[in-house]
Amino acid sequence: MPLPRYIAPLVFMLGAAVPPTGATAQSPAEQEVLQAVAPLASRQGAMLTLKIAGNKRVQLRSKNGCDEGPDDCLIYELLGLSPDRRFFIVEMRAYESVTQVWIARASGKRVDVYAETHVSPDGTRIVTANPSEYGSTNGVFLWDVSERGLTERFRFEPDEYALYSFVRWRNRDSVDLMKVAHADATLCPASQLMESPAQLVRVGGKWVLHDRIDRQAVSCQ
């Protein structure tokens, strides 16, 4: 059965990858989230506790020593619940990186989704287009959503400079994207970068990224 559509967002953006000197383990934004989702999640000091099925718990302990070096820097922040309320969304910040994690409330299974996710019109899929030049995994990623967790169906991490951004779900089998890449001198002779449309499409049960340059649709940056 399709999952219910997004009704009430509980996602809060929580700042930079490395917290400032003296930052506490709990931010004001997370306090609001914890109040909204109680009693499903709680925090005691550095320990974030998430309740999952079967009266079990997932516990995530922060190490807030970012001024002392990378080995002592790991901050977990609860951002909220997924649109269908079947997953916790957690932001994980290390010394020079930041990512988002979905944790299934039914199983405790944890999956890195890297950045803000976008749910398909029927609620059965999520996609991430993460245009990261530094500090996070760059690329385009797609998962099927089920009761037990997320199943990865598509992963693309470019091996040359290319930044993809989400535009919209066209339908359950097609995602519109925007791509920024180094400029082609024949198209943008006075620019360093150019922007062009791209599309992630499901064809014959397989997801395919179409990002060949349409000369008529290029925007020189």
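Lys/Arg Cβ at +1, Asp/Glu Cβ at -1, dipole of segment 79-207 taken about the Cα centre: which of Tyr134, Phe88, His182 is farthest positive-ward?
Checking the options against the dipole of segment 79-207, the answer is Phe88.
Using alpha carbons only, how many angstrom separate the centre of segment 156-171 from the centre of segment 89-120?
18
What list of whole percents do you get for P(r) of segment 107-221, with Cα-Cα distances grouped in 10 Å bins up to the one holding the largest distance?
Going from the shortest bin to the longest, the percentages are 13, 43, 30, 10, 2, 0.
Can you tell me how segment 161-221 classifies by the Cα gyration tensor, rounded, prolate or oblate, using a/c under 1.5 as the rounded cut?
Details: a/c = 2.76, a/b = 2.43, b/c = 1.14.
The shape class here is prolate.
Kindly rank 28-40, 124-136, 80-92, 204-216 from highest to lowest mean number of other beta carbons found within 10 Å of each residue.
Working: 28-40: 14.3, 124-136: 18.3, 80-92: 21.5, 204-216: 11.5.
The packing order, highest mean first, is 80-92, 124-136, 28-40, 204-216.
Using 7 Å Cα-to-Cβ label points, what is the Glu96/Asp144 separation (nm, one decimal)?
Each label point is offset 7 Å from its Cα along the Cβ direction, giving 3.8 nm.
Once the cut-off is 22 Å, how many percent of the Cα-Cα pairs in the chain end up in the long-distance tail? Write out the running numbers ahead of the final one.
Values: 13604 of 24310 pairs.
That fraction is 56 percent.
Net charge within 12 Å of Asn64 by Cβ-Cβ distance, Lys/Arg positive one each and Asp/Glu negative one each, not counting Asn64 itself? Write out the running numbers ahead of the final one.
Values: positive: Arg61, Lys63, Arg93; negative: Asp67, Glu68, Asp72, Glu77.
Net charge around Asn64: -1.
Hey, got the dipole for segment 153-221? About the Cα centre, +1 on K and R Cβ, -1 on D and E Cβ, debye to the nearest 20?
Details: 10 positive and 9 negative charges, 92 e Å.
Its charge dipole is roughly 440 debye.
Restricting things to alpha carbons, tell me how big segment 36-99 is in terms of Rg and Dmax, in Å.
Calculated on Cα positions, Rg and Dmax stand at 12.9, 39 Å.
First measure r as the distance between the Cβ atoms of Asp112 and Thr186, then evaluate 1/(1 + (r/R0)^6) with R0 = 30 Å and state the FRET efficiency to the nearest 0.05. Please report the intermediate quantities before stating the final value.
Details: r = 38 Å, r/R0 = 1.27.
Rounded to the nearest 0.05, the efficiency is 0.20.
What nm value, rounded to one decimal, do you get for the distance between Asp71 and Tyr134 when each label is placed 7 Å out toward the C-beta?
Computed distance between label sites Asp71 and Tyr134 equals 2.5 nm.
Restricting to DSSP H runs of at least four residues, report the calculated mean residue ellipticity at 222 nm for the chain, -39500 (n - 2.57) per run over all residues, nearest 500 deg cm²/dmol. Please list the in-between numbers first.
Values: 1 runs with 10 residues, N = 221.
Calculated at 222 nm, the ellipticity per residue is -1500 deg cm²/dmol.
List the relative contact order of segment 161-221 as a percent without decimals, with contacts defined as Cα pairs under 8 Å and 6+ residues apart. Numbers along the way, then the final one.
On the way: 118 pairs, mean separation 17.1, N = 61.
Here the relative contact order equals 28 percent.
Keeping to pairs on different chains or 8 or more places apart, tell me how many lysine pairs in the chain have Cα atoms under 29 Å apart. Could you put the intermediate results ahead of the total?
Details: Lys51/Lys63; Lys51/Lys109; Lys56/Lys109; Lys63/Lys109; Lys109/Lys206; Lys179/Lys206.
Summing the qualifying lysine pairs gives 6.
How much FRET efficiency would the formula 1/(1 + (r/R0)^6) give for Asn171 and Glu32, where r is the Cβ-Cβ distance and R0 is 22 Å, rounded to 0.05?
0.05
What size of dipole, in debye to the nearest 20, comes out for the chain about its Cα centre when the only charges are +1 on Lys and Arg C-beta atoms and -1 on Asp and Glu C-beta atoms? Write down the numbers at each step before the final one.
Numbers: 25 positive and 26 negative charges, 244 e Å.
For this selection, approximately 1180 debye.
For a test of the definition: using alpha carbon positions, the gyration tensor, and the 1.5 limit on a/c, classify segment 72-145 as rounded, prolate or oblate. Intermediate values should be presented prior to the final figure.
Values: a/c = 2.47, a/b = 1.30, b/c = 1.89.
In terms of gyration-tensor shape, oblate.
Working from Cα positions, state the angle (0 to 90°, nearest 10) between the long axis of helix 28-37 and the longest principal axis of the chain.
80
Give, rounded to the nearest 20 debye, the magnitude of the charge dipole that segment 49-176 has about its Cα centre when Lys and Arg contribute +1 at Cβ and Asp and Glu contribute -1 at Cβ. Please report the intermediate quantities before stating the final value.
Details: 18 positive and 20 negative charges, 206 e Å.
Magnitude of the dipole: close to 1000 debye.
Where a number appears in this text, it was derived from the coordinates with a stated rule and is not lab data. Model, not experiment: these values are computed from the prediction. Cβ coordinates were reconstructed from backbone atoms using ideal geometry, including for glycine residues, and neighbour counts include every protein chain displayed.
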